[in-house]
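Right, one structure below, let's go through it.
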Amino acid sequence: MNVPYLINFSSIGTDSIGFLTVAQSPEVPFTIKRAYWTYNTPSNQIRGFHAHRELHQLIFSITGEIEFYTEDIFGNKNIFKLDQPNIGLYIPPMVWREIKFGINSTLLCLASFEYFETDYIRNYEDFKKLIKKND
Ligand code: TYD
């Protein structure tokens, strides 16, 4: 699928001992080659402002609340609220995103390949030109 969507992963455990969640094949729709996380992001800070040409990502808010404002290859705009550590947002290639961080939020990203700056589209007008080809 070319559009972002939420994936609900199992929470394993109990209230008394706590919980764990695992992200693995086949629920994760790509092979994971990189993980990174952000932390100490000031509350209400907005980051992102880019799309990726080929990268697939699965993103969790491990703590706190994170909002994703997305625009996909078809021009659909969506807001995804991540506020549970077992719910991941799958983002396929060519999705513009702006990300608003809540208090003490920690974003974990699992990605399909290593960091290449050349995979980024950081200019919104460039992104709009590229997706127009899908009209
Ligand atoms: P970026 O992806 O632009 O983060 P955000 O959109 O949240 O602001 O990355 C911020 C900086 O970190 C940028 O200079 C590139 C660098 N970076 C790496 O060196 N390796 C990575 O895997 C990632 C994700 C970023």
How much accessible area per residue does region 43-135 have, in Å², with a 1.4 Å probe? 51
Could you order F68, F113 by accessible surface area, starting with the largest, using a probe radius of 1.4 Å? F113, F68
Largest-first ranking of K132, K81, K100 by accessible area, probe 1.4 Å, whole protein assembly kept, is K132, K81, K100
Setting aside same-chain residues fewer than 8 positions from K128, which lysines have a Cα under 16 Å from its Cα? K77
Restricting to DSSP H runs of at least four residues, report the calculated mean residue ellipticity at 222 nm for the chain, -39500 (n - 2.57) per run over all residues, nearest 500 deg cm²/dmol. -2000 deg cm²/dmol
At what distance in angstrom do the alpha carbon centres of region 1-15 and region 65-118 lie from each other? 14
Could you report the accessible area of D119 in Å², rounded to 10, computed with a 1.4 Å probe on the protein chains as they sit in the structure? 10
In region 43-83, GluC sites (Glu not before Pro) in a DSSP loop with at most 14 other beta-carbon atoms within 10 Å: E54
With charges set only on the Cβ (+1 for Lys and Arg, -1 for Asp and Glu), what does the dipole of the chain come to about its Cα centre, in debye to the nearest 20? 280
Ignoring any ligand, DNA or RNA, what whole percent of the accessible area of the chain comes from carbon and sulfur when the probe is 1.4 angstrom? 53
Within straight-line cross-link reach of K133, aspartates and glutamates at Cα separation under 17 Å, skipping those fewer than 8 residues along the same chain: E54, E71, D72, E125
Among H56, H50, what's the order by accessible area (1.4 angstrom probe), most exposed first? H56, H50
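The values are calculated or read from the model by the stated rules, or taken from the named source; none is laboratory data. Keep in mind that what you see is a predicted model, and the values were worked out from it rather than measured. Note: ideal-geometry Cβ built from the backbone for every residue, glycine included; neighbour counts use all protein chains shown. When the accessible area is computed, the model is the full protein with side chains, heavy atoms only, and any ligands, DNA or RNA have been set aside. Shrake-Rupley method; radii C 1.70, N 1.55, O 1.52, S 1.80 Å.
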